[in-house]
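Read through the structure below, which is laid out as structure tokens, and then see the notes.
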């Protein structure tokens with residue numbers, strides 16, 4: 001479109017432009033620095049989390065009770081079907097505690113992962129019109145899920161206290177719980193970044209995530225004991241390895257170690273049950289995989305985020 | 001306005017910028033297959049900006065003129081960082097904020113007060129700055145005791161007034177204004193125009209997209225005319241308005 005003299009003229013202007021103001025004083029609008037931006041915008045993050053938490057149950061009579069009703073219902077159904085009908089309650093001591101500590105972990109993961117996946121499309125009016133670090137939406141989705149997870153932990157704690165948890169609790173129990181939460185949050189955040197970014201262009205991401213979330217309850221030892229998987233796959237030990245490497249499995253086992261194991265020691269000994277002996281190593285692996293998930297999520301998100309505004 | 005005096009200090013540099021949109025003609029699998037069989041193109045490209053150059057100096061307030069679809073809004077979106085150019089460079093200096101996004105971040109379930117804080121934060125302000133300007137924002141919006149009501153109960157006029165008031169009180173160096181001046185009733189519109197004039201006089205760099213001739217003449221001393229993604233005129237506002245009307 002431009003002829004020779006035009007180009008040279010433009011070149012001359014360009015060098016003159018920085019005569020009075022150095023080039024370094026200029027920014028390129030919309031250049032994202034990923035998670036660093038989230039730290040810089042932490043005040044907005046705080047407000048987004050507060051908005052997410054306070055508006056969740058606006059205009060509902062039961063309000064926060066819903067945070068208890070859903071897991072309670074899930075628990076009742078699973079307990080009745082798996083614990084009573086299928087008699088798993090006979091094989092696993094304190095089956096209700098075993099079940100509930102797994103369920104709340106899965107619930108936290110489902111909510112964090114699901115919210116993060118929907119977070120970009122759900123904030124379409126903002127993403128289309130204002131530039132702000134888009135990862136804020138994913139981060140705040142995970143934090144909001146964490147806030148809703150806390151009352152369920154409280155409920156579990158009350159039950160455990162009644163069963164004499166406080167007498168047999170160790171520092172390891174607390175650490176195991178925290179490690180489990182961190183692993184779940186990391187995987188949910190990383191995978192949420194990935195699917196949230198893909199969801200902008202291909203809305204197929206949402207049903208895929210729903211499918212994954214449906215599977216996740218069954219792909220980790222929430223309802224059954226991990227040794228049942230080992231015994232079933234005894235001919236194909238690598239399948240068990242694969243099963244155990246799943247960070248969600250590890251997080252659920254860590255929750256069991258934190259809540260169920262301390263209150264069920266005598267029963268465990270009687271039945272000869274044991275949580276995985278190498279849970280420490282598995283935890284380390286789970287951390288590495290979670291970290292890799294975040295890295296992949298970051299990579300994909302940052303590659304795609306430049307096109308969010310025009311694809312939404 | 002301050003172009004004539006002082007050394008050249010650009011606030012905005014746009015150089016040879018291109019922005020191309022892909023238009024999909026096939027919206028379903030069936031469409032895709034049918035056009036593939038008939039060897040029709042599945043998509044075509046649209047050059048919204050086609051090698052656009054522009055320099056805006058600090059304190060300038062310029063009007064961006066052009067008919068619908070000429071690329072004005074795309075230009076502002078590139079400047080605010082919402083979109084990325086496909087070619088060329090966009091550079092800005094200082095804090096850029098737009099009156100493009102009035103009300104975009106409002107949450108209907110939150111009160112006016114909470115929304116002021118949320119939106120000011122979305123536009124890049126820190127807590128202390130917002131607290132310092134909070135009273136000004138509410139006073140400018142003239143919504144009085146409704147500030148503690150949920151925003152969903154506001155009339156559309158009240159809503160726009162509050163949103164505009166937040167946007168106009170953001171600390172900024174470059175202000176992008178895109179067709180938002182039709183906010184509220186006549187007295188409030190006059191007040192907004194006055195406030196914009198005040199900001200321009202205070203040395204805020206301003207880029208205004210508007211179809212209202214009077215407003216543009218009032219605010220801007222320089223005008224650029226964009227046609228088919230290129231700047232076809234850059235000069236005094238009166239001449240720019242004349243150029244705009246030429247076919």
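Each value in this text was obtained by applying a stated rule to the coordinates, not by laboratory testing. Source: prediction; values computed, not measured. Cβ coordinates were reconstructed from backbone atoms using ideal geometry, including for glycine residues, and neighbour counts include every protein chain displayed.
Things to note:
- Whole-number D in µm² s⁻¹ for chain B, Kirkwood Cα-pair radius fed into Stokes-Einstein, 25 °C, 0.890 mPa s: 125
- Cα centroids of the range A:80-121 and the range A:295-312: 32 Å apart.
- Between residue A:27 and residue B:127, the FRET efficiency from the beta-carbon distance, with R0 = 25 Å, is close to 0.65.
- Residues residue B:218 and residue A:53, FRET efficiency given R0 of 41 Å [Cβ-Cβ distance, rounded to 0.05]: 0.35
- Residues A:222, A:121, A:182, arranged from fewest to most other Cβ atoms within 10 angstrom of their Cβ, appear as A:182, A:121, A:222.
- Whole-Å distance, taken between Cα centres, linking the range B:58-87 and the range A:148-162: 54
- Near-label residues of the range A:199-218 by backbone N, under 17 Å of a point 7 Å along Cα→Cβ of residue A:303: A:199-202, A:205
- On the basis of the beta-carbon distance and an R0 of 60 Å, residue A:35 and residue B:246 show a calculated FRET efficiency of 0.75.
- Helix-only CD estimate at 222 nm, as mean residue ellipticity for chain B, using -39500 (n - 2.57) per DSSP H run (n ≥ 4): -11000 deg cm²/dmol
- Calculated [222 nm] ellipticity per residue, helices only, for chain A: -22500 deg cm²/dmol; basis is -39500 (n - 2.57) per DSSP H run with n ≥ 4, divided by all residues, nearest 500.
- The long axis of helix A:279-304 is offset from the longest Cα principal axis of chain A by roughly 30 degrees.
- Each residue in A:62, A:184 was given a count of other beta-carbon atoms within 10 angstrom of its own, and listing them fewest first yields A:62, A:184.
- Sequence of A:120, A:106, B:143 once ranked by neighbouring C-beta atoms within 10 Å, starting from the fewest: B:143, A:106, A:120
- Relative to the longest principal axis of the Cα atoms of chain B, helix B:112-122 runs at roughly 50 degrees.
- For q = 0.12 Å⁻¹, Debye-computed log10 I/I(0) when each Cα of the protein assembly as shown counts as one equal scatterer: -1.15
- Taking the inverse of the mean 1/r over every pair of distinct Cα atoms in the range A:85-311 gives a Kirkwood hydrodynamic radius of 18.5 Å.
- Prolate/oblate/rounded call for the range A:190-284, Cα gyration tensor, a/c under 1.5 rounded: prolate
- The modelled label-to-label distance for the pair residue A:68/residue B:18, using points 7 Å beyond Cα in the direction of Cβ, is 6.3 nm.
- Its relative contact order, with pairs defined as Cα atoms under 8 Å and 6+ residues apart, puts chain A at 26 percent.
- Label point 7 Å beyond Cα of residue B:67 along Cβ direction - residues of the range B:214-238 with amide nitrogen under 19 Å: B:224-234
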